[in-house]
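The values are calculated or read from the model by the stated rules, or taken from the named source; none is laboratory data. Computed from a predicted structure; not experimentally measured. Here the Cβ positions follow ideal geometry from the backbone for every residue, glycine too, while neighbour counts run over all protein chains shown.
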Amino acid sequence: MTKTSQPTGFASIPEFFLLRHAREVARATPASTRDAVSRALRLSRQRHGAADALWAAGHPAEAIRLAAAALQAAVLAAQEAHGDVAIATASDEDDDEASSEAGDKPTEQPLDALLAARGLPSATAKRITEAHAEVAGASLPVLDSDIGPTHADLFRRALHARDLLDGALAPAAMTPGEIVWTRAIRWGATAAAVLAAIFALYLVLRVPQRATAQASAVLAGYPAENVADGDEATEWLLPNRTPGWIELTLDPVRDVGELRLLNSHNGHYNDRATRNYRIEVFSGGRVAKTLNGSFPAFSPNPEWQSVDVDVDDVDRIRIHVLTHHLAGGGLAEVEAD
């Protein structure tokens with residue numbers, strides 16, 4: 001007879017992840033017992049799945065009878081785990097025939113004794129024994145028209161008790177290697193879930209960074225917001241041969257290490273771009289730094305230019321277009337990083 005004591009806290013978090021008791025059970029269970037328990041549990045799970053399918057398909061009478069059979073197969077697996085019975089898997093009738101052929105009907109341990117030997121918490125054991133007694137004493141329906149108001153509850157209680165037994169008996173149906181693999185899967189799945197939760201929390205709590213633009217003047221059809229729309233094909237342009245400025249307001253304020261500028265060229269016309277500029281970086285409403293720069297040559301395919309800023313708590317950035325190439329100045333994009 002194979003018996004192992006279960007530590008307090010059968011469903012404890014440490015046991016779920018470490019599976020120490022499960023390893024002890026797996027190591028102490030003979031291969032023949034393990035195979036018999038595994039076969040009985042697979043039968044129980046098979047009947048559980050069939051019961052669910054029949055219930056969903058609108059055949060409750062057969063579903064309840066299969067739910068009762070699924071619970072009984074789990075109880076037989078508990079007895080098998082303690083070396084008390086041998087279980088066939090064809091059907092309940094086959095079980096009886098296999099037992100009677102040898103001339104000695106297997107002696108069944110009381111269910112409460114089996115559950116105590118598995119070390120289940122008293123509340124869990126009580127749910128299982130009560131459900132088993134209720135199913136054993138119930139007059140199960142034969143026809144769907146026999147279904148009464150209490151049968152739905154009986155169906156749920158039988159399958160819930162079966163699931164509890166399955167969880168308690170699973171280690172006795174697994175090899176030590178399978179226990180190690182199960183532990184690795186649980187750790188991996190938990191780590192993935194924690195990372196996903198952290199990322200989801202970040203997405204919920206992070207403050208979106210926005211930049212709104214305004215300008216001293218614009219050429220019709222080329223508004224200030226074009227420099228902050230993330231689209232390199234759109235541009236802010238100044239009127240002909242006019243100096244001016246464009247200003248970005250950052251919300252929320254943030255530290256800015258560098259400013260990235262993409263010069264304009266005015267689409268297919270290629271006749272407007274900034275030459276010399278001055279940048280004013282505001283922090284706390286005051287100019288914290290002034291920087292001067294230029295785009296020395298006009299290009300129909302402008303490239304990004306980076307300007308070191310290194311200012312904390314920036315709330316505004318104003319770029320003055322001092323001189324221009326060809327017909328006028330402008331910018332395609334401004335990014336504060």
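A few points about this structure:
- Per the listing LEU219, LEU237, LEU154, the residue uniquely in the same structural domain as ARG47 (by TED's automatic domain parsing) and either touching a residue at least 40 places away in the same chain (Cβ under 8 Å) or in contact with a Cys (Cβ under 6 Å, 6 or more places away or on another chain) (or both) is LEU154.
- Screening the candidates ARG278, ARG286 for the property of being of a type outside the set (Gly, Ala, Ser), without any contact (Cβ under 8 Å) to a residue 24 or more places away in the chain and in the same structural domain as VAL256 (by TED's automatic domain parsing) yields one hit, ARG286.
- Verdict on ALA98 being modelled with pLDDT of 65 or more and assigned to a helix (DSSP H, G or I): no
- With respect to being at pLDDT 85 or above, surrounded by 10 or more Cβ atoms within 10 Å (Cβ to Cβ), part of a helix (DSSP H, G or I) and charged (D, E, K, R), GLU225 fits the description.
- Taken as a whole, the range 308-316 holds no residue that is under 16 Å from VAL227 (Cα atoms), in contact with a strand residue (DSSP E or B) (Cβ under 7 Å, 6 or more places away or on another chain) and exposed (fewer than 15 other Cβ atoms within 10 Å of the Cβ).
- Close contacts from the range 130-144, counting a first residue that is of a type outside the set (S, T, N, Q) and a second that is in a loop (DSSP other than H, G, I, E, B) and loosely packed, with under 12 Cβ neighbours inside 10 Å, with Cβ to Cβ under 8 Å and a gap of 6+ residues or different chains, come to PRO141/GLY148; ASP144/GLY58.
This table checks each residue for (1) outside any helix (DSSP H, G or I); (2) surrounded by 15 or more Cβ atoms within 10 Å (Cβ to Cβ); (3) in contact with a Ser or Thr (Cβ under 7 Å, 6 or more places away or on another chain).
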residue: HIS132; (1), (2), (3): no, yes, no
residue: PRO141; (1), (2), (3): yes, yes, no
residue: SER145; (1), (2), (3): no, no, no
residue: ARG156; (1), (2), (3): no, no, no
residue: GLY167; (1), (2), (3): no, no, no
residue: ALA172; (1), (2), (3): no, yes, yes
residue: GLY188; (1), (2), (3): no, no, no
